[in-house]
Each structure stands twice: as C-alpha cells, then as structure tokens.
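K.L.:
The structure's right below; bear with me while I get my questions together.
The values are calculated or read from the model by the stated rules, or taken from the named source; none is laboratory data. Quick caveat: nothing in here was measured; it's all calculated off a predicted structure. As a convention, Cβ positions derive from the backbone with ideal geometry for all residues, glycine included, and neighbour counts pool all protein chains shown.
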Amino acid sequence: MEERKRPMRRVAELATVGAELHRRGIGYDQRHAWRGLLETPFASFAAMIALAGAESDFTVGDALAWIVTRDLGPLAEFGEAALHQRRAAAYEADCASWEAQPAAVKNGRWRHKCPTRDQRMLMIRMSHRLNVPLPGDVSSGEAAEWIAQHGGNPNYNKEA
C-alpha cells in the first residue's frame, strides 16, 4: 500500500467516504440512522445483518445500506441520542476545563473584548428558549456571566 506524502484534507476524506455512502443510497435524510447503526451493539447489528443478508450475492455494503435505508428499529432515534450524548460530554469536558483554569486566565483581557459569535448566538437561542430578554451591549466577560446565570447551554443543562 502506497503511503501518502501529505495528509489528505478533511473535506476530501469526508467527500470520499460520503460518496460511497451516497452511492449505496444513504443520503442526508438517513444520517441519524447511519450514526445509530454505527453505535449499535454488535449482537443487535448481527441480528440486523442476518435479516439483510437473505440473498447470497449481497455485499456488506448492500447489507449496511439495506439496514440504514429501512431504519430497522429506532436507529435514527438512537443515532440522534448518541450524537447528543457525545456533544453533551464534550460540553461538560469543556466546562470542566474552564473551571480548572487559574483566576488569572478567568479574569484576563478577553473579558473586556466583544462577545464571540458563539456567545452571541447562544445568548439569542437562550433568550428565545428561556423567554428572557437579551442583555444590551455587553463584553465577552459579561456575556459569559449572563450565560452562566441562565444555566449555561440549555441543550446540555441537566436541570432544564
């Protein structure tokens, strides 16, 4: 096998892998079912493969596409839940990493800059979701405090 001289760009990797899925009839509408299949315990997967492999000329790709496009069981719901769990774990890790920062970092110059795009978008979503008014002109530090005072990202807030 020939080794690549430089790493492939992420978009090329995604397009190449995605092209194979698309060729099999797995499209954007099946993204959650595909993720659900990838997160399925092996015993359940083996049972699905047994259902799909009734024809002797079925390839592995045919079987995977058959399963995903038929969404056997709650694959899409399982896939959505797996994605949410992954994102929630990443959010919790990010929050824990922030909490572990020294006071000098937490009180740094960033607090006086303009809010980041992510902060602004999160505040808008929180305002709508929680039915609370947006703050006026705030700094990045004030935006962080406003977000924290309102429970953090409501998508991952366990009390919400």
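K.L.:
Taking the range 113-144 as the region of interest, how many residues are within 25 Å of the chain's Cα centre (by Cα) and acidic (Asp, Glu)?
P.N.:
1
K.L.:
Continuing with this model, one more query. Cβ-Cβ below 9 Å, separation at least six or inter-chain, first residue in the range 39-53 and closer than 22 Å to Arg86 by Cα and free of Cβ contacts under 8 Å to residues at least 24 places away in the same chain, second aromatic (Phe, Trp, Tyr) and part of a helix (DSSP H, G or I): which pairs?
P.N.:
none
K.L.:
So, one more: Starting from the range 74-97, take each residue that is in contact (Cβ under 8 Å) with a residue 40 or more places away in the chain and list its partners that are loosely packed, with under 13 Cβ neighbours inside 10 Å and not in a helix (DSSP H, G or I), counting only C-beta distances under 7 angstrom and pairs at least six apart or across chains.
P.N.:
Correct list of pairs: empty, since none qualify.
K.L.:
Taking interchain pairs and intrachain pairs at least six residues apart, which have beta carbon atoms under 8 angstrom, with the first residue in the range 14-34 and within 20 Å of Glu77 (Cα to Cα) and the second acidic (Asp, Glu) and part of a helix (DSSP H, G or I)?
P.N.:
Short answer, once both residue conditions are applied: His32/Glu77; His32/Glu80.
Table: residues versus (1) under 30 Å from Gly152 (Cα atoms); (2) modelled with pLDDT of 90 or more; (3) not β-branched (Val, Ile, Thr).
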residue: Glu13; (1), (2), (3): no, no, yes
residue: Leu21; (1), (2), (3): no, yes, yes
residue: Ala43; (1), (2), (3): no, yes, yes
residue: Met48; (1), (2), (3): no, no, yes
residue: Ala52; (1), (2), (3): no, no, yes
residue: Gly73; (1), (2), (3): no, no, yes
residue: Ala88; (1), (2), (3): yes, yes, yes
